[in-house]
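The values are calculated or read from the model by the stated rules, or taken from the named source; none is laboratory data. Only a predicted model underlies this, so the values are computations on that prediction, with no experimental measurement involved. Here the Cβ is made from the backbone with ideal geometry for all residues, glycine too, and neighbour counts use every protein chain on show.
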Amino acid sequence: MLKKLKWLIVIGLLFTSLLFMTFLPIFALAGSGPERFYQDQGGVDTGGGGEGGFTGGGAIPPIDLQYHEVNPDELRAFLKSRGSYLVRNVDSFIANARRFGINPLLLVAITGQEQSFNPEKNSDAAQVGRNPFNVFGSWMAYSPGFDKSCEVAARTVATKLSHTMPAGEDPIHWLNNSRNPAGSYAEDPNWWKGVKFWFQTISSRPNIYLVPLNGNGGDAE
């Protein structure tokens, strides 16, 4: 009887160990579920709490990517020239950029790369306009409305820029660099090139900034 009891104890211990080894990886993934999932969906980081609505690495973004007052009428004129549905969202671009301390034109540039500024002539423009940043995967997967998606995009950009860049790194590329502790904004390794092109294009427009950057009329370097 004693020998049988010992065998039952051994079998019980082996069974418990097997269960532990089986479910340990699941528990580990569950601990970082949302962050891991959303990074797998394109690297979008929703940030955390704290001042401005996010917690980052403490680094200060380059001067041209920090918040600057832009001319809303000039920004509307640019979007109108692109036939953009987003011309109606200029105030939200600016308000969310101000809240997170980033340049509003960077948010606009992201919509240029992601959705070609969402042309109003497209039949799905109203739906795309609810998430033209493609945060959390795409506008088809996540459609909270422009204000919310703009908030998520602004928080994401601010969080990524708050992590110290390697020497010589392009700050817009840093948003798309998998080495960034906050992950990359998009899976496409060339995503940043389109964003940088549009950011520089919009920034170089005369009178786009209410106060010129570095005295050069707002041209981005």
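Quick notes on this one:
- Restricting attention to the stretch 200-220, the residues being at pLDDT 65 or above, under 17 Å from Gly112 (Cβ atoms) and assigned to a loop (DSSP other than H, G, I, E, B) number 3.
- Test: residue in the stretch 126-146 that is free of Cβ contacts under 8 Å to residues at least 24 places away in the same chain and crowded, with 22+ Cβ neighbours inside 10 Å: yes
Let's see how each residue does on (1) buried (at least 22 other Cβ atoms within 10 Å of the Cβ); (2) over 21 Å from Arg99 (Cβ atoms); (3) not assigned by TED's automatic domain parsing to the domain that holds Asp64:
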| position | (1), (2), (3) |
| --- | --- |
| Ala153 | yes, no, no |
| Thr159 | yes, no, no |
| His163 | no, no, no |
| Pro171 | no, no, no |
| Asn176 | yes, yes, no |
| Ala182 | yes, no, no |
| Asn190 | no, yes, no |
| Arg205 | no, yes, no |
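- Residue ID - farthest from the chain's Cα centre (by Cα), chosen from residues in the stretch 192-203 that are farther than 23 Å from Ala59 by Cα and surrounded by fewer than 18 Cβ atoms within 10 Å (Cβ to Cβ): Thr201
- Pairs meeting the criteria (first residue in the stretch 71-83 and assigned by TED's automatic domain parsing to the domain that holds Ala95, second residue of a type in the set (S, T, N, Q) and not in a helix (DSSP H, G or I), beta carbons under 6 Å, at least 6 apart or on different chains) are Asn71/Asn207; Glu74/Asn207.
- Number of the condition not met by Lys193 [criteria: (1) within 18 Å of Leu75 (Cα to Cα); (2) basic (Lys, Arg); (3) assigned to a helix (DSSP H, G or I)]: (1)
- Test: residue in the stretch 140-151 that is part of a helix (DSSP H, G or I), in the same structural domain as Asn71 (by TED's automatic domain parsing) and in contact with a Phe, Trp or Tyr (Cβ under 6 Å, 6 or more places away or on another chain): yes
- Residue in the stretch 155-162 that is farther than 26 Å from Gly137 by Cβ and either more than 17 Å from the chain's Cα centre (by Cα) or assigned to a helix (DSSP H, G or I) (or both) present: no
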